[in-house]
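Chemist: One structure follows; several queries about it will come next.
The values are calculated or read from the model by the stated rules, or taken from the named source; none is laboratory data. Note that the coordinates shown come from a computational prediction; the quantities given were computed from them, not determined experimentally. For neighbour counting, all protein chains shown are included, and Cβ atoms are generated from backbone atoms with ideal geometry for every residue, glycine included.
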Amino acid sequence: MNNTAQKIISLFSILLVFSFFIGCDKIDAPYTKEQSGGGTDTGTIQVVKKVLLEDFTGHACVNCPAAHELAASLAEEYDGRLSIVSIHAGYQAEPSGELPEDFTNEVGDEIFAAYNDPFNPMGLVDRNEDAASLSSTWAAKIAEEMALPVEFSISLTPNYHSDTRVFELSLKMKAMTAHSGNLRYCAFITENDIVAPQKNNDENVGPTPTIEDYHHMHVLRGSMNGTWGDVLAEGETEAETEFTKELSMTIPGEWVVENCHVVAFVFDESSKRILQVEEVSLTE
C-alpha cells in the first residue's frame, strides 16, 4: 500500500471517530433522586413525604433516655425522612440543684400546654391527633404518615453570618395537591450535643440513676416566627401554587451554631396537622 492510500485511510478513520462523538447526545451531570417511599415524581428530583416527631421530654424523666434511643433508631431507619424536635417541658424539665440546666422555653411550654400537659416521654407524630402518644406507638404512627401522599414540598436555603450571628432562612414551598383551609408555616431551631446530666432507669441505655455526661439531642431552642408560625395561605390553595418566604433571627451567644438545625414545616391551621417538614443545618 502506497503512502497516499495510507493517508486516505487514516483521514477516513479520524472522520469516522469524530462523527461518532458528534452524534452522541450530551450527558449532563447526574441527578440523585431522593428516597421514593410515598413520593411524587416532579422531574429530576423526587419529593417524598417527611415526618416530624415532637418528643416531650425532661432531664428528670427516667424513661426518656430509652425513648430518645427509639427516636434515634427510627430516624436512622428512615434515613433523612424523619425530623425530631425534643421539647423539654413539664415538671420533669424544671431545673434543680442536681439538674441545673434549663432547656425549657416559651415555644415548648405553649405546645406542651396545647396538648394538655402530657406525661413524659410522649410525643406528637405530625400532630395528626388531638393528644400526644406513648413512645411504644411512635413506630406505627410514623409508618402511617410516611405512606401518605405528598401534599407539599419545602426547600430551605440557610445563610449564617458568623460576624453578627444573624441567621437568615429562605423558604420555597409548593402545594403538590389542592388544599382547603388556612395554612401556616413555622421554623424551629434545635441544638444537638448539649452535655448535661439526665436521669435514667435503663442500664441498656447508660448508667443509673443518672447519666452525668448525657448528650441531649434535637433540643428545641426556639422558633424563628413564633410557636404557631405565620399565615401561608387562606381558603383554597390550588395544586402547583408556590410560595417564597424569608425569615431571620440573631442566634443567642450560648447556642453552639455548628450544632444547630432549623426544622421548618407547613401545617393546617384548623387541625394543626403537619403536611410536610424539612430540616437543614444552620451552617450548611
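A quick yes/no check of all residues on (1) modelled with pLDDT under 95; (2) closer than 30 Å to F267 by Cα:
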site	(1), (2)
Q6	yes, no
F21	yes, no
T32	yes, yes
H68	no, yes
H88	no, yes
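Chemist: Give the residue, chosen from L232, L183, L220, L171, that is touching a helix residue (DSSP H, G or I) at 6+ places or on another chain (Cβ under 9 Å), under 24 Å from L53 (Cβ atoms) and either surrounded by 14 or more Cβ atoms within 10 Å (Cβ to Cβ) or not aliphatic (A, V, I, L, M) (or both).
Modeler: L220
Chemist: Turning to a different aspect of this structure: Taking the range 81-126 as the region of interest, how many residues are of a type in the set (A, V, I, L, M) and not in a strand (DSSP E or B)?
Modeler: Going through the range 81-126 one residue at a time, the tally reaches 7.
Chemist: Please determine whether any residue of the range 135-151 is aliphatic (A, V, I, L, M), modelled with pLDDT under 95 and farther than 15 Å from I274 by Cβ.
Modeler: no
Chemist: Within the range 147-171, can you find the residues that are of a type in the set (A, V, I, L, M) and under 10 Å from I251 (Cβ atoms)?
Modeler: Result: V166, single match.
Chemist: Could you say whether any residue in the range 191-205 is of a type in the set (K, R) and within 20 Å of the chain's Cα centre (by Cα)?
Modeler: Scanning the range 191-205, I find no residue that is of a type in the set (K, R) and within 20 Å of the chain's Cα centre (by Cα), so the answer is no.
Chemist: Just to be sure I understand, how many residues within the range 186-203 are surrounded by fewer than 19 Cβ atoms within 10 Å (Cβ to Cβ), out of contact with any His (no Cβ under 8 Å at 6 or more places or on another chain) and touching a residue at least 24 places away in the same chain (Cβ under 8 Å)?
Modeler: Residues meeting the conditions: 2.
Chemist: Scan the range 183-203 for residues that are farther than 11 Å from H216 by Cα and hydrophobic (A, V, I, L, M, F, W, C) and report the count.
Modeler: Counting residues in the range 183-203 that are farther than 11 Å from H216 by Cα and hydrophobic (A, V, I, L, M, F, W, C) gives 5.
Yes or no, residue by residue, for (1) of a type in the set (S, T, Y); (2) over 17 Å from the mean Cα position of the chain (by Cα):
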residue: I84; (1), (2): no, no
residue: A89; (1), (2): no, yes
residue: S96; (1), (2): yes, yes
residue: R127; (1), (2): no, no
residue: S135; (1), (2): yes, yes
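Chemist: Given the structure, is T237 more than 21 Å from the chain's Cα centre (by Cα), surrounded by fewer than 19 Cβ atoms within 10 Å (Cβ to Cβ) and not small (G, A, S)?
Modeler: Here the answer is no, as T237 does not meet what is asked.
Chemist: Return the pair list, or none, for Cβ contacts closer than 7 Å from residues in the range 219-246 that are touching a residue at least 60 places away in the same chain (Cβ under 8 Å) to residues that are of a type in the set (F, W, Y), at least 6 apart or on different chains.
Modeler: Close Cβ pairs satisfying both conditions: V219/F103; L220/F188; R221/W255; S223/F188; K245/Y185.
Chemist: For the range 137-168, which residues satisfy the criterion of being farther than 20 Å from K50 by Cα and either within 16 Å of the chain's Cα centre (by Cα) or charged (D, E, K, R) (or both)?
Modeler: Matches in the range 137-168: D163, R165, E168.
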